[in-house]
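Student: Structure in structure tokens, see below.
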Amino acid sequence: MRRLLSVAVLLAAVTFPVLADERMEHAEWISEFRDGTGEASTKDGGMARFGILCNEDSCRFYYENGVDCEPGNNYPVVIATSAGSIAVETVCVPVAGATGEVRRYGFAELSQFNEALMQSDSIGIAFPLSSGQFKISQFLMNGYGEATERVLAGMRARKAEREAREAAERERQAREAAERARKAQEAAERARQAAEQAAERARKVAEQEAVERARKVAEQEAVERARKVAEQEAAERARKAAEQEAAVRARLAAEQEAAARARAAAEQEAAERALKAQEAVSHEVAPAVVETRKINDSPAAPVPEAVTDTQSSAKPAEIDPTADMSAEQPVDAATPIKPETTESTRGKRLPAQF
């Protein structure tokens, strides 16, 4: 497509090598191009001018006769051709000319008007004046066909060139848009890949964090379970130790209590045996004591020194509560035993020794 447009532009350039500001004469008519427009025109012998002005899209006839007009107002004219006369409505249009601004009366192409001009050697235009008269202008039509054809061909060439440039520009823009789209697609693909990589990294990080949290929770639970087990084991050991210690203390207390009871029973038994022994000794020494008292009560009888010493120094025999009273103790017959001493210990239990 681009090659075809380029060929069209080259052909137009070859056919019309220089169009801008180029002026060419065609018998009574001239053709020229300026400011993107093409114009074919002719003059009468005076100030009047008749022609056609074309751009790339349309053409418009105009008529100048030096008569001033109000821009935008409509003015009727009558054009006489070889094919007949036609009345047209013109519009006053100000145009910048070489000598300043001029007034033109423009009108659009009419049906079969161009063919009538092509068939005429000359035309006449009658312009009504405010005085009630007509201003008549006469124009020769020799060269009209060549001039208008050149203008139209130039405009077509310009249009083709413009369209080719526009098409090339559109193609360039399309290529640029396609390139931008491709780059955008590549960028989108890179963004997608980056997003996937970021998502994968985030997933791995989340998994690692979840695993780490699970590990910490498991460790904490294991530590808590171990602590509870240790506490239970320690409590169990403490309970068992306390029970053992209590049992030992109870056993020791029981043993001490049994020993104390046994010792008290032994002491009581020993005291009873000692008491019985003293009572037996008392029964054996009682006659000697009575005899001794009788001798002492006699005033004529002198008291032997030995007896006095014995009586003064005689004391109750001390009894060892821990001594074995089963064996017979030797009794001194010369040592008297006082009855009160015997009576003081009779019927009494010695205190237990702990």
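Student: At what distance in angstrom do the alpha carbon centres of the stretch 216-271 and the stretch 137-209 lie from each other?
Tutor: Measuring centre to centre over Cα atoms gives 101 Å.
Student: Next up: How much accessible area per residue does the stretch 151-258 have, counting only protein heavy atoms and a probe of 1.4 Å, in square angstrom? Write down the numbers at each step before the final one.
Tutor: Numbers: 8340 Å² over 108 residues.
Accessible area per residue: 77 Å².
Student: Follow-up question, since we're still on this one. Determine the dipole magnitude for the stretch 97-150: charges of +1 sit on the beta-carbon of Lys and Arg, -1 on that of Asp and Glu, nothing else is charged, the reference point is the Cα centre, and the result goes in debye to the nearest 20. Please report the intermediate quantities before stating the final value.
Tutor: On the way: 4 positive and 6 negative charges, 63 e Å.
Around 300 debye, computed over the stretch 97-150.
Student: Sorted from largest to smallest, which semi-axis lengths in Å does the alpha carbon gyration tensor of the stretch 82-238 give for its equivalent ellipsoid, taking the root of 5 times each eigenvalue?
Tutor: With the √(5λ) rule applied to the stretch 82-238, the semi-axes are 101, 20, 12 Å.
Student: Also: Suppose accessible area is computed on protein heavy atoms with a 1.4 Å probe; arrange Met24, Met118, Met47 from highest to lowest.
Tutor: Met47, Met118, Met24
Student: Relative contact order of the stretch 70-156, please, whole-number percent, based on alpha carbon pairs below 8 angstrom and at least 6 residues apart.
Tutor: On the way: 130 pairs, mean separation 21.1, N = 87.
Worked out over the stretch 70-156, it gives 24 percent.
Student: Along the stretch 223-230, what does the Karplus equation 6.51 cos²θ - 1.76 cosθ + 1.60 (θ = phi - 60°) give for ³J(HN,Hα), rounded to whole Hz, x for Gly and Pro?
Tutor: Once rounded to whole Hz, the list reads 4, 5, 4, 4, 5, 4, 4, 4.
Student: What accessible area, in Å² to the nearest ten, does a 1.4 Å probe give for His283?
Tutor: Accessible area of His283: about 140 Å².
The values are calculated or read from the model by the stated rules, or taken from the named source; none is laboratory data. Small disclaimer: the values here were computed from a predicted structure and weren't measured. Reconstructed Cβ throughout: ideal geometry from the backbone, glycine too, with neighbour counts over all protein chains shown. We work out accessible area using only protein heavy atoms, side chains counted, and drop any ligands, DNA or RNA first. Shrake-Rupley method; radii C 1.70, N 1.55, O 1.52, S 1.80 Å.
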